[in-house]
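Report on the following structure.
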Amino acid sequence: MKILIIGASGFLGSKLMNFLSKENEVLGAVIENKKGILHLDATNKREVLDFLEKENPQVVIDLVALTSSLSCEQNPELCKTLNYETAKNIAYACRKTGAKMIFISSSYIFDGKKGNYSEEDIPQPINEYGKCKVLAEKEVLKLENSIVLRTTIMYGYNGKDNPNGVFDKILSGREILLGDPNQLRNPIFVDDVALIISFLLKKNCNGLFHMAGQNQMTMLEFLNGLEQTVRKESKIIISKSSSALVKHPKNDTLNPSKLASLGIKTRSFKEGINLLKKQVSS
């Protein structure tokens, strides 16, 4: 299977490039110049279509995003461009070329008042990031041959010379500012995300799915767990001012029972942390 990953240089993109290339022909594309990765400006509708017509992938995975909620609030037009317009351009090109599209969305499309959100719950975004993700989902789901994967916070390790998401903040040794230590999440190990995408492709599934880890925990508990893999002394600082400009869902948990019904079981946080320790020390 020929798979194109747009936004391949980030945390999840790096994991997918490595994982999916074991059984597939995988191309990576990004807007910046990166060694071993093709150039593609996903904000340019014509360029995206020309690229897909030239490379003719069977599957396109869209990872393009401005993920910083603060940056999205401060730059709403840029947020719309990167979190919505790019998805719209890629969906258009997939429709024209017949490629299957996979779009990574977010638990931040919900208001966080109840948590444990299922695919049947109606999105109620409370910040710019969530609003643009909702718009993007609608474009992607217009395609019959598409998958939208909503996920909560991911953690994992790609190696010291690659992006590692939130774990990089800990590996840097610097202090971590945490605005809402009591925000509830059910973190998912990034290796599980790769396994889920591979499974859904092999089964030729379509539609909307929620991805999440087994355990609900506060952000403070989550970051403490990651910290303990590499250091004993915590460098987390509770700073309410760091989140004052952005509304975050208080209960950001997702219900992954739809995937579970297909036989997909994600790791517990303890299992993920144990594997993370092995990956870091190897």
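Read the figures in this text as sums done on the coordinates, not as results from a lab. Note that this is a predicted model, so its numbers are computed, not measured. Virtual Cβ from ideal backbone geometry, glycine too; neighbours counted across all protein chains shown.
Annotations for the structure displayed:
- The ranking of Met154, Met101 from fewest to most other beta carbons within 10 Å of each one's beta carbon is Met154, Met101.
- Here the Kirkwood formula puts the hydrodynamic radius of segment 113-244 at 16.9 Å, using every distinct Cα pair.
- What the phi angles of segment 156-173 give under the Karplus curve with 6.51, -1.76 and 1.60, with θ = phi - 60°, is a coupling list of x, 9, 10, x, 5, 9, 10, x, 10, x, 4, 5, 4, 5, 7, 5, 5, x Hz, glycine and proline written as x.
- Taking Cα atoms only, the orientation of helix 11-20 departs from the longest principal axis of the chain by about 60 degrees.
- With respect to the chain, whose longest principal axis is taken over its alpha-carbon atoms, helix 269-281 is tilted by about 80°.
- Principal axis dimensions, largest first and in whole angstrom, of segment 147-211 by Cα: 44, 31, 13
- Computed lengthening from Ser281 to Glu32, 0.36 nm per intervening residue step minus Cα-Cα distance: 86.6 nm
- Put simply, the amide H of Asn255, placed in the peptide plane, has neighbours under 5 Å in Tyr117, Ser118, leaving out anything fewer than 5 places away on its chain.
- Kirkwood hydrodynamic radius of segment 50-146, from inverse mean 1/r over distinct Cα pairs, in Å: 14.0
- Under-5 Å amide H pairs with Ile102, H placed in peptide plane, nonlocal only: Val60, Ile61, Asp62, Ile147
- Note that segment 46-59 has calculated 3J(HN,Hα) couplings of 5, 5, 5, 5, 4, 5, 5, 5, 6, 7, 6, x, 7, 9 Hz, one per residue in order, obtained from phi through the Karplus relation 6.51 cos²θ - 1.76 cosθ + 1.60 (θ = phi - 60°); glycine and proline are x.
- Listed pairs Lys113/Lys247; Lys80/Lys250; Lys100/Lys133; Lys80/Lys247; Lys2/Lys54; Lys88/Lys202 exceeding 21 Å between Cα atoms: Lys80/Lys250; Lys88/Lys202
- Only Lys, Arg, Asp and Glu carry charge here, each on its Cβ (+1 for the first two, -1 for the last two); on that basis the chain has a dipole of about 440 debye about its Cα centre.
- Fraction of antiparallel bridges per DSSP, the chain only, in percent to nearest 5: 10
- Across segment 122-132, rounded Karplus estimates of 3J(HN,Hα) from the backbone phi angles (6.51 cos²θ - 1.76 cosθ + 1.60, θ = phi - 60°) give 7, x, 9, x, 10, 9, 4, 4, x, 4, 6 Hz, Gly and Pro being marked x.
- Computed over every Cα-Cα pair of the chain and binned at 10 Å starting from 0, the pair-distance distribution P(r) comes out as 7, 29, 38, 22, 4, 0 percent.
- Principal-axis tilt of helix 86-97 within the chain, Cα atoms, nearest 10 degrees: 30
- Of Ser21, Ser105, Ser172, the residue with the greatest mean-square motion in the GNM of the chain, using alpha carbon springs below 10 Å, is Ser172.
- Here segment 125-164 and segment 67-108 have alpha carbon centers that stand 8 Å from each other.
- Estimated distance in nm for a label pair at Asn162 and Thr67, the labels positioned 7 Å out from Cα along Cα-to-Cβ: 1.4
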